[in-house]
1. Name the single residue, out of those in the stretch 36-50 being of a type outside the set (S, T, Y) and within 16 Å of K15 (Cβ to Cβ), that is surrounded by the fewest Cβ atoms within 10 Å (Cβ to Cβ).
2. Give the stretch 222-281 a look and list any residue that's surrounded by fewer than 11 Cβ atoms within 10 Å (Cβ to Cβ), modelled with pLDDT of 80 or more and hydrophobic (A, V, I, L, M, F, W, C), or say none.
3. When you check E56 against the structure, is it surrounded by fewer than 16 Cβ atoms within 10 Å (Cβ to Cβ) and within 25 Å of K97 (Cα to Cα), yes or no?
4. Give the number of residues within the stretch 2-36 that are among the basic types (K, R), out of contact with any helix residue (DSSP H, G or I) (no Cβ under 9 Å at 6 or more places or on another chain) and within 16 Å of L68 (Cα to Cα).
5. When you go through A19, A36 one by one, which is the residue that is closer than 16 Å to S5 by Cα and of a type in the set (A, V, I, L, M, F, W, C)?
6. Return the pair list, or none, for Cβ contacts closer than 8 Å from residues in the stretch 16-42 that are in the same structural domain as E70 (by TED's automatic domain parsing) to residues that are surrounded by 17 or more Cβ atoms within 10 Å (Cβ to Cβ) and in a loop (DSSP other than H, G, I, E, B), at least 6 apart or on different chains.
7. Of all residues in the stretch 115-170, count the ones that are of a type in the set (A, V, I, L, M), modelled with pLDDT under 65 and more than 20 Å from the chain's Cα centre (by Cα).
8. Does the stretch 99-110 contain any residue that is outside the structural domain of T17 (by TED's automatic domain parsing), among the aliphatic types (A, V, I, L, M) and within 30 Å of Y190 (Cβ to Cβ)?
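The values are calculated or read from the model by the stated rules, or taken from the named source; none is laboratory data. Because the structure is predicted, anything quoted here is derived from the model rather than measured. Note that each Cβ is placed from the backbone with ideal geometry, even for glycine, and that neighbours are counted across all protein chains shown.
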Amino acid sequence: MTEKSKLLSIGDMSKLTGAGIHALRYYERKNLLKPAYTDPESGYRYYSIDQIFFVEIIMFCVELDIPLKELANFVDADDTVDFQNFFAQGKEIAERKLKSLKSRLNLINEIEQGIALSKLHRDGKIYSKEIPEKIFYVKPCGCSVIEDKNLLEIAKLFKDIEDVPYYEDGYGLLEFGFLCEYSPAGRQHYVFAEFPKKVAGENIMVIPAGTYFCKQSTAIQLDKAPEIFSEYLAGRDSYLAIETDIFTGKSKINNPLCELRVIATDYLCKRPPGYKYLPVN
């Protein structure tokens, strides 16, 4: 019989490792950490000094978000652990997590830069900025772009993006909002959500890179774009107007600041081959 005097109580094991008592019992239920001795009368659990090392390994898995069932796959029936293969897999998981954390940090930096930029243009004046080519997933909507149903369409667009294999972790901040395409044939309103990379297919619109004229507002002003930017659109009959939410230092949850943008084009938006043009109102 094991001498209890040479063992650690579950409370002692918790204090030495930092693992909570409930966590230690959970590890036991998952067949990861069996007590060295369980008192048959009291049910108290006792652990050996050597088991401290394995508890730390389990906590290491938890910290790296490695599912404990993955660790269990490397433990044989006789409690032998295949550490070599386990750490090889653990390294892959840790590297993926590190990449993900770096991408999220880059995203935070991007948001902070956007906040700093928005502060420069809170005076309501028109300003210009360079914007790279973007890929929008669009759906036509009625001329009244303020309708709540159109906002729901945007939510559906993001859901569609999550469901396709084109989404890649680490891409920057994705935009969503309203778009109006003006041409000699008329105009067409859309709701849009940005794709993280170039794809082909229907409902995909390639938004050209270039110098955009912009204006900040707390109200949707997409239909007023021709009037607001009349000086910059003089003589142009083909252009895009885009409205999307932007980050500010402080913002109301239900009424964020918007940025209205326009860019003049000599052609309708460039689209991938085989794209079927959506009808113009």
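1. Keep residues of the stretch 36-50 that are of a type outside the set (S, T, Y), which gives 36, 39-41, 43, 45, 49-50.
Applying the additional criterion that residues be within 16 Å of K15 (Cβ to Cβ) yields 45, 49.
Working: R45: 22, I49: 12.
If we take residues in the stretch 36-50 being of a type outside the set (S, T, Y) and within 16 Å of K15 (Cβ to Cβ), then I49 is surrounded by the fewest Cβ atoms within 10 Å (Cβ to Cβ).
2. Within the stretch 222-281, just A234 meets the criteria.
3. yes
4. The number of residues fulfilling the criteria is 1.
5. Working: A19 fails: closer than 16 Å to S5 by Cα.
Only one candidate qualifies: A36.
6. Close Cβ pairs (under 8 Å, with a partner that is surrounded by 17 or more Cβ atoms within 10 Å (Cβ to Cβ) and in a loop (DSSP other than H, G, I, E, B)) amount to L24/L33; Y27/A19; Y27/L33; E28/P35; A36/L7; Y37/L7.
7. 2
8. yes
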